[in-house]
């Protein structure tokens, strides 16, 4: 049990589809993150939420829309994606913003855009 | 801006032997945190070990230890008595004490364990 659960594990979607990725944690953490992991590239931070408020958005295209309804749940809504958006999307959480204790990650959603 | 470089895309080691993974970083800050994460085929990123820059002593977690050379901006990971379960991607990461959110990541090193 990782503590951070992501669903679905795999997702194939067409460029005109709308889908959502879900992340859930019951660790009592109050900061949550979305990362994009592409082959042979460093992890890219997409969004950060702290106490359900978005505090960081690293110039992510508007076709990615995050939502954090409460401190335990984080969503990433996807629409009109491009093939280059195919990647592993990782969710993470941490006890507070920027602690020494690192992040707890989920197992990711492998997204393929066709 | 800070950067993290892992110069070894892939490393292999015989089971039970020792392997060292390299990581260098660039920063003008004097205080920061450094991390090594492991990502096995299950895809979950797992924290292996962490180091506070103001601490001289190298961090150790069981078979995992680091060689932290602050002046050289080097943070290598040593894995002793390698086991098959150590096979994974290993990522080095940097975080400024001023940054609440950003971990700066290296591109990763794939570690292969030969039985």
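Throughout, read-outs are computed from the coordinates displayed, never taken from laboratory work. Just so you know, these numbers come straight off a predicted model, no measurement behind them. Positions of Cβ are generated from backbone atoms using ideal geometry, with glycine treated the same way; all protein chains shown enter the neighbour counts.
The shape of the stretch B:1-40 comes out prolate: with a ≥ b ≥ c from the C-alpha gyration tensor, a/c is at least 1.5 and a/b beats b/c.
Stokes-Einstein diffusion coefficient for chain B at 4 °C in a medium of 1.567 mPa s, Rh from the Kirkwood formula over Cα pairs: what value in µm²/s? Reported coefficient: 91 µm²/s. Classify the protein assembly as shown as rounded, prolate or oblate from the Cα gyration tensor: take a ≥ b ≥ c as the square roots of its eigenvalues, call it rounded if a/c is under 1.5, otherwise prolate when a/b beats b/c and oblate if not. It is prolate, given that a/c is not under 1.5 and a/b is the larger ratio. Length available on full extension from residue B:3 to residue B:28: 0.36 nm per residue minus the Cα-Cα distance, which gives 7.9 nm. Hey, for a label at residue A:22 modelled as a point 7 Å past Cα toward Cβ, could you say which residues of the stretch A:43-78 have their backbone N under 12 Å away? Answer for the stretch A:43-78: A:73-76. Separation of the stretch B:78-115 from the stretch A:21-39 is 19 Å, based on Cα centroids.
Its residues counted as N, chain A yields a C-alpha radius of gyration over 2.2 N^0.38 Å of 1.00.
Residue order for A:51, A:45, B:84, fewest other beta carbons within 10 angstrom first, comes to B:84, A:51, A:45. When A:49, A:101, B:37 are arranged by Cβ crowding within 10 Å, least crowded first, meaning fewest neighbours, the order is A:101, A:49, B:37. The label point for residue B:46 and the one for residue B:80, both projected 7 Å from the Cα toward the Cβ, are 2.0 nm apart.
Averaged over the residues of peptide A:105-114, the number of Cβ atoms from other protein chains lying within 10 Å of each residue's Cβ is 2.
As a proxy for reagent exposure, B:38, B:70 were ordered by neighbouring Cβ count within 10 angstrom, fewest first; the result is B:70, B:38.
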